[in-house]
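Only the coordinates and a few stated rules stand behind these numbers; no lab work does. Owing to the predicted nature of the structure, the values given are computational and were not obtained by experimental measurement. Counting neighbours? That spans all protein chains shown, and the Cβs are built from the backbone with ideal geometry, glycine included.
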Amino acid sequence: MDTDLIIRQMTQNDVNQVKQLIDLSFPIFYRFFAAHSLHEEGQVIVGEMAGRVTGFAKLIDFHIGGKMYSCILWIAVHPSFRRKGVAASLTHSAIQRLKQDGAATVFASTQRRNIGALSVLGYRVLEERVSWIYGVFSVGESSSFTALFGLLLEKSC
């Protein structure tokens, strides 16, 4: 990855660029939820090169049984910057931030057909050697996430 990449907290000035990334990266159905999440609880980090937002990740925390867990909820990279290490850098930074904030476990999920995300997230799991539970969620399916907490997800979306 080019050393000019900076990973930092999103500011209000970044919102329009991040929304453009969302439009370029997600199917129409998910765009509303990803854009709406920018202003909700949690943090958003961005990758920046030469003053341009090249990628973002939405991070959230939740508590169960007195422990804090975290999730990389959304992650996207501008098409012009894909395959240049931006997603890997965002993932690495997200894991480090969430661990520093006290996360016992970091979760991430993606669709089975998202080969790019699967390769980046899988690579990070091995390299980071952190407590990471990775789930590929589909409507109505159980996963390691739900099994960990004894939850039964109903069909949604």
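Laid out as a table, the results:
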read-out	value
Cross-chain or 6+ apart pairs with Cβ under 6 Å, the range 23-36 first and within 12 Å of Lys58 (Cβ to Cβ), then in a loop (DSSP other than H, G, I, E, B)	Ala34/Phe26
Residue list for the range 61-103, filter: in a loop (DSSP other than H, G, I, E, B), under 19 Å from Glu41 (Cβ atoms) and in contact with a Ser or Thr (Cβ under 8 Å, 6 or more places away or on another chain)	Asp101, Ala103
Among (1) farther than 17 Å from Arg8 by Cα; (2) surrounded by 13 or more Cβ atoms within 10 Å (Cβ to Cβ); (3) of a type in the set (A, V, I, L, M); (4) more than 14 Å from the chain's Cα centre (by Cα) - the single one Val53 does not satisfy	(1)
Among residues of the range 6-50, those that are acidic (Asp, Glu) and assigned to a helix (DSSP H, G or I), counted	2
Qualifying residues in the range 27-41 (those that are among the hydrophobic types (A, V, I, L, M, F, W, C) and under 22 Å from Gln9 (Cβ atoms)) - the one surrounded by the fewest Cβ atoms within 10 Å (Cβ to Cβ)	Phe33
Hits in the range 93-112 (condition: within 14 Å of Arg8 (Cα to Cα) and either surrounded by fewer than 18 Cβ atoms within 10 Å (Cβ to Cβ) or in contact (Cβ under 8 Å) with a residue 40 or more places away in the chain (or both))	Ser93, Ala94, Gln96, Arg97
Qualifying residue in the range 61-78 (condition: out of contact with any helix residue (DSSP H, G or I) (no Cβ under 7 Å at 6 or more places or on another chain), of a type in the set (A, V, I, L, M) and crowded, with 17+ Cβ neighbours inside 10 Å)	no
